[in-house]
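Every read-out reported here was derived from the displayed coordinates using simple, explicitly stated rules and does not represent laboratory data. As the structure is a computational prediction, the values presented were derived from the model and not from experiment. As a convention, Cβ positions derive from the backbone with ideal geometry for all residues, glycine included, and neighbour counts pool all protein chains shown.
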Amino acid sequence: MSVIGDNIRALRKLNGEMTQQALADAIGVTRETVNKWEMGSIGNVRTSNVDALRSIFGLSVDDLRSESRGLAARQSDLTAADVGRSRIPVLHLADLMGKTLRTDATCFVDISPALFDRHPRAFALFIDGPSMNSILPEGCHAIVDPETNPAQDSVVVSDIGASLPVIRRLHRGATKAMLSEDSLTDHGEDFVLDINQVHVIGTVVWYQPAAELT
């Protein structure tokens with residue numbers, strides 16, 4: 001076993017129990033290579049492959065290389081049955097218009113205290129369509145933190161002056177920003193805007209599969 005192998009295995013689980021073959025196809029390696037990473041037979045994953053994983057899935061270096069802050073550690077925190085749960089409000093995109101989030105939610109979802117401790121002002125958005133379904137499966141709750149600054153390629157909820165905010169992957173340049181969709185099926189609209197036209201309401205920090213909802 002290896003730290004990065006554990007984190008890659010956690011990445012596949014996070015993405016709807018993605019198969020080793022599907023992950024291999026996404027980054028251009030063989031299934032055998034992915035299996036060796038996870039088994040620890042190849043402990044030193046090439047930087048180019050780590051960069052490919054980060055770019056495709058919107059990850060940080062720590063997500064893949066850290067033992068204490070990586071995906072595997074976070075997943076362990078979230079699935080431990082004896083740690084209890086904490087409750088956050090479920091909002092709708094219409095609740096996010098303007099600068100102030102509505103706080104009169106009538107629906108709530110339970111998340112783990114470990115996640116709640118890291119993101120105490122987080123809220124949940126129910127994902128009911130195919131947009132972003134390579135990252136956020138339909139029927140899940142996206143956990144969004146309005147206080148987490150997005151990194152390059154983070155998935156964000158953004159107000160772009162449209163009728164409703166959008167959920168997209170954020171790519172930032174010197175003066176422009178692209179908000180792009182990651183869908184395995186229908187491809188919706190990508191947006192290219194001036195940096196100052198993009199107001200990030202919150203960063204998606206996790207998702208809660210339907211099977212885990214209470």
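A Gaussian network model of the chain, with springs between Cα atoms under 10 Å, assigns the largest mean-square fluctuation among SER131, SER68, SER86 to SER68. Can you figure out the FRET efficiency of ARG69 with LEU93, using R₀ = 35 Å and their beta-carbon distance, to the nearest 0.05? Here the calculated transfer efficiency is 0.70. Once C-alpha pairs closer than 8 Å and six or more residues apart are averaged by separation and normalised to the residue number of the chain, the relative contact order reads 17 percent. For the chain, a Gaussian network of Cα nodes joined below 10 Å ranks VAL34, VAL166, VAL61 by mean-square fluctuation, and the top entry is VAL61.
From its DSSP helices (H runs of at least four residues, each -39,500 (n - 2.57)), the chain gives a residue-normalised ellipticity at 222 nm of -8000 deg cm²/dmol.
Applying the Karplus relation 6.51 cos²θ - 1.76 cosθ + 1.60 with θ = phi - 60° to the stretch 48-65 yields 3J(HN,Hα) values of 4, 6, 4, 4, 5, 4, 5, 5, 5, 9, x, 9, 9, 4, 4, 3, 9, 9 Hz, where x marks Gly and Pro.
Give me SER163, SER60 sorted ascending by neighbouring Cβ count inside 10 Å, so fewest comes first. Write out the running numbers ahead of the final one.
Numbers: SER163 7, SER60 16.
In increasing order of surrounding Cβ atoms, one gets SER163, SER60.
Residues within the reach of a label modelled at SER163 (point 7 angstrom out along Cα to beta-carbon, backbone nitrogen below 16 Å), restricted to the stretch 173-211, are 189. Ordering VAL156, VAL200 by the number of other Cβ atoms within 10 Å of each residue's own Cβ, fewest first, gives VAL200, VAL156.
Residue exposure proxy: CYS140, CYS107, ordered by other Cβ atoms within 10 angstrom of their Cβ from fewest to most, comes out as CYS107, CYS140.
For the chain, a crude dipole built from +1 on the beta carbon of Lys and Arg and -1 on the beta carbon of Asp and Glu, taken about the Cα centre, is about 440 debye to the nearest 20. Look at the alpha carbon pairs under 8 Å that are at least 6 residues apart: their mean separation over the length of the stretch 86-212 gives a relative contact order of 25 percent. Match the structure shown to one of the listed values (1) 12.1; (2) 14.0; (3) 19.8 of mean projected area of the Cα convex hull in nm², computed from it, and give that label. It is the one labelled (1). Relative contact order of the stretch 3-79: 40 percent, from C-alpha pairs under 8 Å at least 6 residues apart in sequence. Between ARG118 and ASP62, the contour length at 0.36 nm per residue exceeds the alpha carbon distance by 18.7 nm. Suppose every K and R has +1 on its Cβ and every D and E has -1 on its Cβ; what is the size of the dipole of the stretch 86-212 about the Cα centre, in Debye to the nearest 20? It works out to roughly 380 debye. Label-to-label distance, ASP128 versus THR185, with points set 7 angstrom from Cα along the beta-carbon direction: 1.5 nm.
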